[in-house]
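Working notes, structure below.
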Amino acid sequence: MPIEIVCKIKFSEEDAKPKEKEEGDEQSLLGAACQGAPPRDLATFASSSTLHGLGHACGRGPRGLRRSLWALALLASLAAFLYQVVGLARSYLARPHLVSLDPAGVAPVLGFPAVTLCNINRFRHSALSDADIFHLANLTGLPPKDRDGHRAAGLRYPEPDMVDILNRTGHQLADMLKSCNFSGHHCSASNFSVVYTRYGKCYTFNADPQSPRPSRAGGMGSGLEIMLDIQQEEYLPIWRETNETSFEAGIRVQIHSQEEPPYIHQLGFGVSPGFQTFVSCQEQRLTYLPQPWGNCRAKSEGGEPELQGYASYSVSACRLRCEKEAVLARCHCRMVHMPGNETICSPNIYIECADHTLDSLGGGSGGRCACPLPCNLTRYGKEISMVRIPNRSSARYLARKYNRNETYIRENFLVLDVFFEALTSESVEQRAVYGLSSLLGDIGGQMGLFLGASVLTFLEILDYIYEVSWDRLKRTWRRPKPPLRTSAGGISTLGLQELKDQSPCPGRGCAEGGGASSLLPNHHHPHGPPGGLFEDFAC
């Protein structure tokens, strides 16, 4: 007869609780020693946080209307704070700036600007040779002729040198300059330096940036005063019109700083013969903001030249560089007034290259040639006035002095007077209205107004989030292994294999040999399945 042994063991609750308590105490001590203190719950953190209102909304205590109102007030304050922060951020990202005008006090000495002047007529007719007229036909519009005055189709001349042509045929300052005075002292053509522009050979007074001439007084008579003869009889006759043909008579003048080259064909102003022109100047020192407030170009930190051929950056130098690149790309040469060591364009393609230069630039900072303003530059504001010269008495005097008739004096003579209105300079400066310090100060004010918080408060919140997140990660990594024995309803099921493993006798022979086994021998069940063994014990 098969025997089935069922053993049920039930522990009383009084016996189980002390054991559980002892095991729990042991685990808590081990956890505290090995893993550190457990993370704080939200109520504990809210009670100790420096964020105003968080302890009332999320702290310990019964939940009711009072806590709900505190939570609503906290959310409303947080929403108002975020709304204000968004507005402040938009104001900061707009990069607002203002322009301040600060008139400086009277200075004992003020650096006099550079004065560049060009005769509007580029070539003297009497100085042109047959070869010059032949080579400059496209530029001047004059028909090429031989020495007998007849057109010849097969004329051949050696390759021209444009620099030599400009030097020989341009108006010579020694012939044009009739009188020169600077601050009451006599000056001459030797005080001018030669410079090449779109008008050919020009002259600059006070061009050396290393030793500029000082001006020690303001008003007329304290600056540069020159009398010029524009030599209209040397102007080229007009046979046909070209893009370089000029119908004017007089000179072009540009007043600029010594650090920038003259850009007289666009920035100069005209002075007519038969007038004395007064130019009252005032120095203006302009300061612009770099990115992100403005678009000015700051100086290089290394001190190296920023543009090839120029000691310092300026808009005029940048424009000339762009013109040179356009001409090099089209004509594989450069014009005389452009810097560099490349080959100078020949006169027969000179006008073509000049026209292509103007078409390629696009103009301004938005065109192909982007030339931003330097962050610091000096300009000279001008007020121009004029009176007619000569009067009847001076016309007769000047005619006798220079051996000319009165008509010639009226048609060719002019006087240019450039001076400082006063020895003061204006400082025009762009200033940032809303900087980073202002943004942080406003955010801190809004934070204190709506939340009563500070930067340390947000550090507390981040620290609490880190503490909770790190504890959950450690719990995920250290999951306990599932137990070998499961309990259900106070009855534990123990497999026979486990009993065999725990038995001192490894096989059946021990039981049959001497009865030393603690288990009863197996019995076959007549009605059971094959092997009909009851191998499980219920305890």
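Values quoted throughout were computed directly from the atomic coordinates according to the rules given, and no laboratory measurement underlies them. As the structure is a computational prediction, the values presented were derived from the model and not from experiment. With ideal geometry, Cβ positions are generated from the backbone for all residues, glycine too; neighbour counts draw on all protein chains shown.
With a threshold of 22 Å on the Cα-Cα distance, the over-threshold entries among 178/382; 324/382; 178/401 are 178/382; 324/382.
At q = 0.11, 0.20, 0.21, 0.23 Å⁻¹ the log10 of I(q)/I(0) for region 179-277 amounts to -0.41, -1.26, -1.37, -1.56, computed by Debye summation with a single uniform scatterer per C-alpha, solvent ignored.
Spin-label pair residue 284-residue 376: with each label point 7 Å from Cα along the Cα-Cβ axis, the two points sit 1.9 nm from one another.
Size descriptors for region 378-487: radius of gyration and Dmax over Cα atoms are 42.9, 136 Å.
Under the simplified labelling scheme, the residue 67-residue 211 pair shows an inter-label distance of 8.9 nm, with each label point 7 Å from Cα along Cα→Cβ. Residues whose amide H lies under 5 Å from that of residue 297, counting only those 5 or more places away or on a different chain, are 373, 375; hydrogens are built 1.01 Å from N in the peptide plane. Other residues whose C-beta falls under 12 angstrom from the C-beta of residue 235 contribute a net charge of -2, scoring Lys and Arg +1 and Asp and Glu -1.
Mind grabbing the base-10 log of I(q)/I(0) for region 168-230 at q = 0.18, 0.19 Å⁻¹? Debye formula, identical points on the C-alpha positions, no solvent, two decimal places. Treating every Cα as an identical point scatterer, log10 I(q)/I(0) equals -0.73, -0.80.
Determine, for each peptide in 227-239, 386-398, 165-177, 253-265, the mean count of other beta carbons within 10 angstrom over its residues, then list the peptides with the highest first. Walk me through the intermediate numbers first.
Values: 227-239: 16.8, 386-398: 13.8, 165-177: 18.9, 253-265: 21.7.
Packing order, densest peptide first, comes out as 253-265, 165-177, 227-239, 386-398.
Scanning residues 5 or more positions from residue 427 or on other chains, those with amide H under 5 Å from its amide H are 102, 104, 285, with H placed 1.01 Å from N in the peptide plane. 3J(HN,Hα) along region 71-80, derived from phi through the Karplus expression 6.51 cos²θ - 1.76 cosθ + 1.60 where θ = phi - 60°, amounts to 5, 5, 5, 5, 5, 5, 5, 5, 5, 5 Hz, with x in place of Gly and Pro.
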